[in-house]
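> A single structure is presented below for examination.
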Amino acid sequence: MVGGTSIAPWAVPSNSGIHKAIVHALKRWPALLTYLDDGRIPIDNNHIENCIRPIALGRKNWLFAGSLLAGQRMAGIMSLLQTAKLNGIEPFTWLHFVLTHLPTWKNSQLDQLLPLPGNTFSSST
């Protein structure tokens, strides 16, 4: 008996992959039903999977960034680009704005260059 429900031994062989999948689901049954209690919780995490896919796909390539410091810089840039996307800011527009204005930007106002809500960026300025 798993999670309050038993699996009939004649229905699914205990050494099969489907048996393991059923046992896995039954052990997590309360968590699987959480989305029924709160309509704001999605049944899957496809949105998050799609957000992190570029990072996961690029991970292998980052091994060849040249050095540890270069890899850390690349990770920082990728984090900023993803932050821009998550905040509804077009990453190219943001990056173009920052690279164009950074040389003359006041150090005391650097936080205004972060891709955060409330900060505006226009490629025409």
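The values are calculated or read from the model by the stated rules, or taken from the named source; none is laboratory data. Quick caveat: nothing in here was measured; it's all calculated off a predicted structure. All Cβ positions, glycine included, derive from the backbone under ideal geometry; neighbour counts span all protein chains shown.
> Tell me, which residue of the range 34-64 that is modelled with pLDDT of 75 or more, hydrophobic (A, V, I, L, M, F, W, C) and surrounded by 10 or more Cβ atoms within 10 Å (Cβ to Cβ) is nearest to A75 (Cα to Cα)?
The qualifying residue nearest to A75 (Cα to Cα) is I52.
> Please enumerate the residues belonging to the range 54-80 that are within 19 Å of Q112 (Cβ to Cβ) and touching a residue at least 24 places away in the same chain (Cβ under 8 Å).
Across the range 54-80, the qualifying residue is only L80.
> Do you know which of the residues in the range 100-125 that are of a type in the set (G, A, S) and without any contact (Cβ under 8 Å) to a residue 24 or more places away in the chain is surrounded by the fewest Cβ atoms within 10 Å (Cβ to Cβ)?
Per the criteria, the residue is S124.
> If you don't mind, there's one more thing I want to ask. Does A31 satisfy the condition of being among the small types (G, A, S) and surrounded by 11 or more Cβ atoms within 10 Å (Cβ to Cβ)?
For A31, the condition - among the small types (G, A, S) and surrounded by 11 or more Cβ atoms within 10 Å (Cβ to Cβ) - is not met.
> I'd like the residue in the range 74-99 that is of a type in the set (S, T, Y) and within 20 Å of the chain's Cα centre (by Cα) and, out of all such residues, is surrounded by the fewest Cβ atoms within 10 Å (Cβ to Cβ).
Across the range 74-99, the extreme among qualifying residues is S79.
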